[in-house]
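The values are calculated or read from the model by the stated rules, or taken from the named source; none is laboratory data. Bear in mind that the values here come from a model prediction, so they are computed numbers and not experimental data. Reconstructed Cβ throughout: ideal geometry from the backbone, glycine too, with neighbour counts over all protein chains shown.
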Amino acid sequence: MPRDPQGAARHAMVREQVRARGVRDRRVLAALATVPRHAFVPPALLHAAHDDAPLAIGCGQTISQPYMVALMTAALATRRTHRVLEIGTGSGYQAAVLAHLVRRVFTVERLDALSAAAAERLTALGYRNVVYRVGDGSEGWPEEAPFDGIVVTAAAPDIPAPLLAQLAPGGRIVVPVGDRSLQVLTVAERGPGGLRTWTEGACRFVPLIGPHAFAERP
Ligand code: SAH
């Protein structure tokens, strides 16, 4: 029996699901190897914490698949000095990964219960450079803009315009763009010549709910 079974499973997760699929950014791999993913899943799903899949976290929401978190984080091309905005706090796992890589993480969640639980979890784990807001993240966080990076961890029909407006020069935004059931991971960079946009493959996220995104299902 290994002394740190969760650590062993986590390192295997990084090796087999993330590195083997082509994410080679050393800072991103190190962050995923460090953040205790098992602390972000409901106790009943502890056995599945390092599975190659998203998992239900309550309120009809999910913690993203490890590979997807790595791909989105690598696409942001973060630096130590950056301030990054995350839309869709969920479990707080993506925020924790970012907290290892940048100066400050601003994370917005529309569901109060999830935001509060994530804040409590990250604080207990010792993360001090994450700030939380409850509200419609498709409006961004104008008082704290501009951001060096913005990551939307829910599906949107387009890159929400208010978020583009809050992106700093040279900054990148990563958004799953598509319909409610299937999206393409879309990356845009605000360069000197304007916005450069490319895609990183198909993905499946829960919908971003709001006036700039999808309507809430009854
Ligand atoms: N990043 C999370 C996974 C997020 S799942 C993690 O690492 O665990 C997507 C989250 O986006 C859900 O928690 C959902 O409630 C939230 N969400 C949906 N629409 C939103 C909106 N308009 N503003 C903020 N959060 C939103």
Quiz item: Going through region 129-157 one residue at a time, which ones are more than 12 Å from the ligand (Cβ to nearest atom) and more than 25 Å from Arg79 (Cα to Cα)?
Solution: Pro157
Quiz prompt | Pairs with Cβ under 8 Å, 6+ apart, first in region 74-102 and more than 23 Å from Arg190 (Cβ to Cβ), second among the acidic types (Asp, Glu) | solution = Thr89/Glu109; Gly90/Glu109
Quiz prompt | Condition met for Gln61 (surrounded by fewer than 24 Cβ atoms within 10 Å (Cβ to Cβ), within 21 Å of Pro160 (Cα to Cα) and within 8 Å of the ligand (Cβ to nearest atom)) | solution = yes
Quiz item: Of all the residues that make up region 17-34, how many are of a type outside the set (A, V, I, L, M) and over 20 Å from Glu200 (Cβ atoms)?
Solution: 1
Quiz item: Here are Ala113, Ala118: which of them is in contact (Cβ under 8 Å) with a residue 40 or more places away in the chain, aliphatic (A, V, I, L, M), over 17 Å from Trp141 (Cα atoms) and within 13 Å of the ligand (Cβ to nearest atom)?
Solution: Ala113
Quiz item: Out of (1) in a loop (DSSP other than H, G, I, E, B); (2) more than 14 Å from the ligand (Cβ to nearest atom); (3) surrounded by 13 or more Cβ atoms within 10 Å (Cβ to Cβ); (4) not aromatic (Phe, Trp, Tyr), what's the single condition that is false for Gly126?
Solution: (3)
Quiz item: How about region 71-102: which of its residues are within 16 Å of Gly201 (Cα to Cα) and either near the ligand (Cβ under 8 Å from one of its atoms) or β-branched (Val, Ile, Thr) (or both)?
Solution: Thr73
Quiz item: Can you pull out the residues in region 161-197 that are in contact (Cβ under 8 Å) with a residue 60 or more places away in the chain and not basic (Lys, Arg)?
Solution: Leu163, Gln166, Val174, Leu185, Val187
Self-check item: Checklist (1) at pLDDT 95 or above; (2) near the ligand (Cβ under 9 Å from one of its atoms); (3) under 20 Å from Phe214 (Cβ atoms) applied to Met68, failing item
Solution: (2)
Practice problem: Spot the failing condition for Thr107; the list is (1) within 12 Å of the ligand (Cβ to nearest atom); (2) buried (at least 19 other Cβ atoms within 10 Å of the Cβ); (3) assigned to a helix (DSSP H, G or I), and only one is missed. | Solution: (3)
Quiz item: Mind checking which residues of region 158-183 are touching an Asp or Glu at 6+ places or on another chain (Cβ under 7 Å), of a type in the set (A, V, I, L, M) and not in a strand (DSSP E or B)?
Solution: none
Self-check item: Answer residue from region 31-50, given it is surrounded by fewer than 16 Cβ atoms within 10 Å (Cβ to Cβ) and in a loop (DSSP other than H, G, I, E, B) and is farthest from the ligand (Cβ to nearest atom) among those
Solution: Pro36
